[in-house]
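What follows is one structure encoded as structure tokens, with my remarks underneath.
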Amino acid sequence: MLKISTISIPHGTGLALAGRLVGPWVQELRRCWHEMESLGSAPQYVDLRETTFLDDEGKALLFEMHRQGIRLVAHGCMMRAIVENLTAKSASDNHCPGSDLEPNT
């Protein structure tokens, strides 16, 4: 199960995920993302602090989102490591040093 919430803050719009980003929930997140883009309010970040698990398809979608300029916010050792791997891969693919991983807040 995955809960997807839209968050509007002064710094922009984001998506907060709670639960497991697996199977059909990956396509649901993709649909929400593209729907927000079509409405002119594309998310600037994805909050993964309450995400408990990602399958390979979920990781691939987050990688795609990150490559499109969306920041990934993570919490906890495992999720931070996954996000660091995704953002490092994206940075190396773009030949840019560093990562957009947000600090643990």
Kindly evaluate HIS95 against the criterion of being out of contact with any helix residue (DSSP H, G or I) (no Cβ under 9 Å at 6 or more places or on another chain), open to solvent by 20 Å² or more (accessible area, probe 1.4 Å) and either in a helix (DSSP H, G or I) or at pLDDT 95 or above (or both).
no
Kindly provide the set of residues from region 48-57 that are among the acidic types (Asp, Glu), more than 14 Å from VAL73 (Cβ to Cβ) and open to solvent by 60 Å² or more (accessible area, probe 1.4 Å), ordered by number.
ASP56, GLU57
Counting only residues that are under 14 Å from MET79 (Cα atoms) and either assigned to a helix (DSSP H, G or I) or touching a Ser or Thr at 6+ places or on another chain (Cβ under 9 Å) (or both), which one in region 17-47 is most open to solvent (accessible area, probe 1.4 Å)?
ARG20
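The values are calculated or read from the model by the stated rules, or taken from the named source; none is laboratory data. Predicted model, so just to flag it, every value in this text is computed and none were measured. A quick note on method: Cβ atoms are made from the backbone with ideal geometry, for glycine too, and the neighbour counts reach across all protein chains shown. SASA here: full protein model, heavy atoms, side chains in, ligands and nucleic acids out. Shrake-Rupley method; radii C 1.70, N 1.55, O 1.52, S 1.80 Å.
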